[in-house]
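Reading through the structure tokens given below for one structure.
The values are calculated or read from the model by the stated rules, or taken from the named source; none is laboratory data. Here the structure is a predicted model, which is why all the values come from computation and not from measurement. Cβ atoms come from the backbone with ideal geometry, glycine included; neighbour counts cover every protein chain shown.
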Amino acid sequence: YLVGRHALEVQWYLLLFLLQQRGDYSETCTFADGFGTYCPTTCGVANYLNRYKPSVDKDLAEIENLLENIANQTKGAQDRVVYMRDSTAHAQKSSSPDLYIKKSSNMLDDILRFEKSIISQESQIYSLQETIDSNEKRMLQLKQMILQLEQKCKLPCEDTVKIEPITGKDCQDVANRGARTSGLYYIKPLKDKEQFLVYCEIDNYGRGWTVLQRRRDGSVDFSRPWIPYKEGFGYLSPDDTTEFWLGNEKMHLLTKQPPVAYVLRVELKDWDGNKRYADYHTFRVAPETDQYRLTYAFYQGGDAGDAFDGVDFKGDSSDKFSTSHNGMQFSTSDRDNDKYEQNCALQDGSGWWMNRCHAAHLNGKYYRGGKYSEKDVGGTGFDNGIIWATWHDRWYSLKETTMKIIPINKLTAGGEQNI
Ligand SMILES: [Ca+2]
């Protein structure tokens, strides 16, 4: 704006100067013909110059000033332009506009991100809605099941286990009274106060075995203290599919009945399906006051060997004498009646007629596959499997065992001795 104004002023002064320079009249000069009528002579020009020189000089000086001024202004303007250009470039490079661009692009990014998260949340909401729907369906099904169960519960209670109606003082007595099928029976030994349930194995020859112990699959924990071993534990089943210990007290009541003497048959099955047995004549379990001591008259036979008589284990102090079982009291982790400085039943996690400790151990820990090692025992070095050491060695745990009794006079009934 300033520059423009000064430029106009300059033009105006130049015009004035030119008009003033025009001199048609001079007092000191004479006209020359050759110069033309309307053109001043050199003298006229000189006069004209002399006359107007001071004011022209002045004007020129003024103009010079003005020009200088303008030049200054122009320089200032140029400087300003340069400054503005530089500052614009600078601003574009680093400062505020960039910041705003950044800010706005950040905002765009944010918007994009929000859009994305909205979309993903929408799909989450959708899948959650589906879950809710399926849960509602399930709840509906459960409610229906509850209703059905409630209706069932309103029905009178029924015993789903079939218990045979015939009873006796043992399973042979039950068989003698006409029972022909194996299953669950109540028996009441002589001098017993109340009857109890047993599994009776009744064969085609009319023999009735009363089953005292059953191992089949390791489903029952045989690591139990004195009271459970006294009263019995595990499960009786009408189809002989479950594991149990009938109980020391019941064994005592059964085997003390005069004048009957019982044979104990131990039946064993290994992991290859081989079966063996061992019979013991006049098997008895003493009363609790004598710690349910085991006694028998002699080993009556069988192909499993007489492990109750102990085995000489080479390589350690366990010999035949200290691993025999006849005459041993019953021991559990909480009642040490063994012949060992320490507690065999505690070490082996079982209850048994422990000596120091055993060659037969039918209440031992259940090891699948048979062979086990000191490592499996947990580094204690104590053989704690289901052992019958006259057949498989003590680092082999048997798959199935049965302990059952029958009156001696019935053992050979039907001419069939082995099962
Ligand atoms: Ca001891």
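Descriptive notes on the structure:
- Only residues that are crowded, with 16+ Cβ neighbours inside 10 Å, under 18 Å from residue 407 (Cα atoms) and among the hydrophobic types (A, V, I, L, M, F, W, C) were counted across region 175-209, and they come to 7.
- Criterion: out of contact with any Pro (no Cβ under 7 Å at 6 or more places or on another chain), buried (at least 20 other Cβ atoms within 10 Å of the Cβ), closer than 23 Å to residue 289 by Cα and of a type in the set (Ser, Thr, Tyr) - qualifying residue of 324, 397: 324
- Condition met for residue 334 (within 15 Å of the ligand (Cβ to nearest atom) and touching a Phe, Trp or Tyr at 6+ places or on another chain (Cβ under 8 Å)): yes
- Condition met for residue 211 (in the same structural domain as residue 334 (by TED's automatic domain parsing) and not in a strand (DSSP E or B)): no
- Residues of region 327-336 that are assigned to a loop (DSSP other than H, G, I, E, B) and either touching a Gly at 6+ places or on another chain (Cβ under 9 Å) or among the acidic types (Asp, Glu) (or both): 330, 333, 334, 336.
- Any hit, region 143-166, residues being within 41 Å of the chain's Cα centre (by Cα), in contact (Cβ under 8 Å) with a residue 40 or more places away in the chain and surrounded by 10 or more Cβ atoms within 10 Å (Cβ to Cβ): yes
- Of the residues making up region 273-303, just one is closer than 22 Å to residue 216 by Cβ, buried (at least 21 other Cβ atoms within 10 Å of the Cβ) and under 49 Å from the mean Cα position of the chain (by Cα), namely 278.
- Criterion violated by residue 172 - all others in (1) touching a Leu at 6+ places or on another chain (Cβ under 8 Å); (2) buried (at least 16 other Cβ atoms within 10 Å of the Cβ) satisfied: (1)
Residues are listed down the side, and each one gets a yes or a no for (1) touching a helix residue (DSSP H, G or I) at 6+ places or on another chain (Cβ under 7 Å); (2) closer than 26 Å to residue 191 by Cα; (3) of a type outside the set (Val, Ile, Thr):
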site: 216; (1), (2), (3): no, no, yes
site: 221; (1), (2), (3): no, no, yes
site: 226; (1), (2), (3): no, yes, yes
site: 242; (1), (2), (3): no, no, no
site: 247; (1), (2), (3): yes, yes, yes
site: 256; (1), (2), (3): no, yes, yes
site: 261; (1), (2), (3): yes, yes, yes
site: 266; (1), (2), (3): no, no, no
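- Complete set of residues in region 266-311 that are in contact (Cβ under 8 Å) with a residue 12 or more places away in the chain, of a type in the set (D, E, K, R) and not in a loop (DSSP other than H, G, I, E, B): 267, 269, 276, 279, 284, 288, 290, 309
- Candidates 314, 339, filtered to the one that is assigned to a loop (DSSP other than H, G, I, E, B), of a type in the set (Lys, Arg) and within 16 Å of the ligand (Cβ to nearest atom): 339
- Scanning region 342-361 for residues that are more than 11 Å from the ligand (Cβ to nearest atom) and either over 36 Å from the mean Cα position of the chain (by Cα) or without any contact (Cβ under 8 Å) to a residue 12 or more places away in the chain (or both) yields a count of 6.
- Output for region 367-389, where each listed residue is under 28 Å from residue 199 (Cα atoms) and part of a loop (DSSP other than H, G, I, E, B): 367, 368, 369, 370, 384, 385, 386, 389
- Among the candidates 202, 227, the residue that is of a type in the set (A, V, I, L, M) and more than 46 Å from the chain's Cα centre (by Cα) is uniquely 202.
- Taken over region 160-174, the residue count meeting the criterion of being assigned to a helix (DSSP H, G or I) and closer than 15 Å to residue 257 by Cα is 3.
- Check on residue 376, surrounded by fewer than 22 Cβ atoms within 10 Å (Cβ to Cβ), in the same structural domain as residue 233 (by TED's automatic domain parsing) and more than 14 Å from the ligand (Cβ to nearest atom): yes
- Any hit, region 365-376, residues being basic (Lys, Arg) and touching a Pro at 6+ places or on another chain (Cβ under 8 Å): no
- Scan of region 233-264 for residues that are under 15 Å from residue 402 (Cα atoms), in contact with a Gly (Cβ under 7 Å, 6 or more places away or on another chain) and not polar (S, T, N, Q), ordered by number: 243, 244, 245, 246, 247
- Flag if residue 364 is surrounded by fewer than 19 Cβ atoms within 10 Å (Cβ to Cβ) and either of a type in the set (D, E, K, R) or part of a loop (DSSP other than H, G, I, E, B) (or both): no
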